[in-house]
Structures are given as C-alpha cells and as structure tokens.
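Undergrad: Here you go, one structure.
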Amino acid sequence: PKNCIIAIDGYSSCGKSTIAKALAKRLNFIYVDSGAMYRATTLYFLRNGIDWHNHDAVVEALEKVHIELHLENDQTQVLLNNEDISQEIRQMPVSLSVSKVSAIKEVRKAMVALQQKMGKTKNIVMDGRDIGTTVFPNAQLKIFMTAEPLIRAERRYKELAANGETITVREVLDNLKDRDHADTTREESPLRKAEDAIILDNSHISPEQQLEFVENLYMNWT
Ligand code: C5P
C-alpha cells in the first residue's frame, strides 16, 4: 500500500493517546484522536438538547456537525464548527454521555467515514476503540492497550485535578468502568481486540518503554 496505518485500540484512559502521539512524532506520521470526534459530537448534542433516541433528530444534527482536528504543540486542537472546544470535551459532562452517543449507528457511520477519509493518503497513527476492527481492518500494525482499572483511574484523576476539576478517584474509576462496559457491550462495532492485534498492558511500564515496544514492532514489520 501507498500509505501506512497504525491502529491503537483499547480501554478508556489507558494512555493510548500518549503512546500514539509519541509514535507518530517518532515516525513522522499524523496522529488522529478518534475519541475526540465522538466527544465533539456529544458536546454538540448536549449543547443543542438533541434527543439521541430520536433517529431523525440525530441525522439532522449530524449534518450540522463539522469537526476538524489540528495538532498544536503536541496537543490535539478540536474544532466544532470552527469553535475551539479542546478543553470542554475532556470535562465530565461529555465523559458521562459520550459512550451513549457513540453507540448510535448513525453517529458511528459518520465518524468512521471521516476517519477513513483521513487515512486514505497519509501515514497515520489513530487511536480509539474500533480502529483495528472496523475503521482500518487492514492496518499494518494493530495494538490493543489495557491496564488495571485503578491504575488508569489514578492517572486520569491526576490529569483532571491538574486542570482544576473537582473530582474524586472513585468518580473517575466509576466513569471509566461504565464506559468500558458500554463500549464492549454495544451492538455497533463494540470494543474488542482484533485477532491480529498485539496486546500492550502498560500497568507497570513507563511511556518510554511502551514507545520502544511499539517502535520495535513497527521496525520488524517494515
Ligand atoms: O478515547 P476517548 O476516551 O476520548 O473516547 C471517548 C469515548 O468515545 C469512548 O468511551 C467511546 O465510547 C467512544 N469512542 C468510540 N470509538 C472510537 C473512539 C472513541 O466509540 N474509535
């Protein structure tokens, strides 16, 4: 193939984006955060009071959602209809609803089409839940990330607390368990390991060690 796709899937708050970003930088690939797209759509639905059980309302709303991702100083900048919503989509209201919105068939169809378009001509590292199974089943390298839930919750808690959110580890843990449950049990492209994905459990290894592991896999493939 002309271009190379690396798919990184896994549970919530596993550090997928950290490793995906570092890998993209090292290989000079483009990093795409697919979760940010579902989060942006969720924010649009919340702000506009869209009833996501109403098929027609969902379809109509999706036509009005324009999402752009830009990488700025190693951070993904997310634009929703030209407004920078990068911070807001990381906050709890969006985190509490995103797994419901992302389970909707029409939402997934729209996001997958957008993601596939991004991967058509460029070398990319994309992280998410269904990248290796649905979006790019022919990706050259697939990683499936996991870590112990409490370790994940503590890592995410530190990030949120550093950003000034008033929250407890328990709330973060509950949210990531709920999202994992919703993401793995939904009907439309549930989160699961692709048969040819390689498991990376990062409970007890550093980001540097993870990068080395994944980079070696890539080197062995090429
Ligand atoms: O990756 P992140 O945790 O930001 O994703 C937020 C949510 O978006 C996930 O919990 C999941 O419900 C949804 N998602 C998805 N498919 C993807 C990426 C994210 O369903 N490829």
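Undergrad: Examine the range 116-126 for a residue that is within 7 Å of the ligand (Cβ to nearest atom) and more than 18 Å from ASP178 (Cα to Cα), and state whether such a residue exists.
TA: Checking the range 116-126: not a single residue is within 7 Å of the ligand (Cβ to nearest atom) and more than 18 Å from ASP178 (Cα to Cα).
Undergrad: Kindly provide the set of residues from the range 161-195 that are surrounded by 12 or more Cβ atoms within 10 Å (Cβ to Cβ), of a type in the set (D, E, K, R), modelled with pLDDT of 95 or more and more than 19 Å from the chain's Cα centre (by Cα), ordered by number.
TA: GLU171
Undergrad: Can you tell me which residue within the range 8-31, out of those that are part of a helix (DSSP H, G or I) and near the ligand (Cβ under 9 Å from one of its atoms), is farthest from LEU200 (Cα to Cα)?
TA: The residue in question is SER17.
Undergrad: Please go through the range 197-209 and give me each residue that is in contact (Cβ under 8 Å) with a residue 60 or more places away in the chain and either farther than 15 Å from SER17 by Cα or part of a loop (DSSP other than H, G, I, E, B) (or both), ordered by number.
TA: Those that are in contact (Cβ under 8 Å) with a residue 60 or more places away in the chain and either farther than 15 Å from SER17 by Cα or part of a loop (DSSP other than H, G, I, E, B) (or both): ALA197, ASN202.
Undergrad: Please give the number of the condition LEU217 fails out of (1) over 20 Å from ILE104 (Cα atoms); (2) assigned to a helix (DSSP H, G or I); (3) in contact with a helix residue (DSSP H, G or I) (Cβ under 8 Å, 6 or more places away or on another chain).
TA: That leaves (3) as the condition not met.
Undergrad: Right, another one. For a quick check of your reading of the model, give me the residue pairs whose first member lies in the range 3-17 and is within 16 Å of LEU173 (Cβ to Cβ), whose second is in a loop (DSSP other than H, G, I, E, B) and small (Gly, Ala, Ser), with beta-carbon atoms closer than 6 Å and at least 6 apart or on different chains.
TA: Qualifying pairs under 6 Å: CYS14/ALA147.
Undergrad: Would you mind stating whether ASN54 is polar (S, T, N, Q) and under 13 Å from VAL101 (Cα atoms)?
TA: In short, yes.
Undergrad: Shifting gears a bit: Take LYS122 and tell me if it is in contact (Cβ under 8 Å) with a residue 40 or more places away in the chain and either hydrophobic (A, V, I, L, M, F, W, C) or farther than 23 Å from ASN54 by Cβ (or both).
TA: yes
Undergrad: When you scan the range 64-83, do you find a residue that is farther than 22 Å from LEU191 by Cα, part of a helix (DSSP H, G or I) and β-branched (Val, Ile, Thr), even just one?
TA: Step one: list which residues in the range 64-83 are farther than 22 Å from LEU191 by Cα, which gives 64-83.
Now drop any that are not part of a helix (DSSP H, G or I), which leaves none.
Checked the range 64-83: no residue is farther than 22 Å from LEU191 by Cα, part of a helix (DSSP H, G or I) and β-branched (Val, Ile, Thr).
Undergrad: Same structure again: When you look at ASN220, is it more than 24 Å from MET37 (Cβ to Cβ) and either under 16 Å from the mean Cα position of the chain (by Cα) or surrounded by fewer than 15 Cβ atoms within 10 Å (Cβ to Cβ) (or both), yes or no?
TA: In short, yes.
Undergrad: So ILE143 ticks every box in (1) within 12 Å of the ligand (Cβ to nearest atom); (2) surrounded by 21 or more Cβ atoms within 10 Å (Cβ to Cβ); (3) closer than 20 Å to LYS16 by Cα but one. Which box is left unticked?
TA: (1)
Undergrad: Could you check, for the range 55-64, whether at least one of its residues is within 13 Å of the ligand (Cβ to nearest atom) and within 20 Å of the chain's Cα centre (by Cα)?
TA: Looking through the range 55-64, none of the residues is within 13 Å of the ligand (Cβ to nearest atom) and within 20 Å of the chain's Cα centre (by Cα).
Undergrad: Output yes when any residue across the range 141-154 is touching a helix residue (DSSP H, G or I) at 6+ places or on another chain (Cβ under 8 Å) and closer than 18 Å to ARG39 by Cβ, and no when none is.
TA: Looking for residues that are touching a helix residue (DSSP H, G or I) at 6+ places or on another chain (Cβ under 8 Å) and closer than 18 Å to ARG39 by Cβ, one finds at least one in the range 141-154, hence yes.
Undergrad: Within the range 32-55, is even one residue assigned to a helix (DSSP H, G or I) and free of Cβ contacts under 8 Å to residues at least 40 places away in the same chain?
TA: yes
The values are calculated or read from the model by the stated rules, or taken from the named source; none is laboratory data. These numbers come from a predicted model, not from an experiment. FYI the Cβ positions are ideal-geometry reconstructions off the backbone, even for glycines, and counts take in every protein chain you see.
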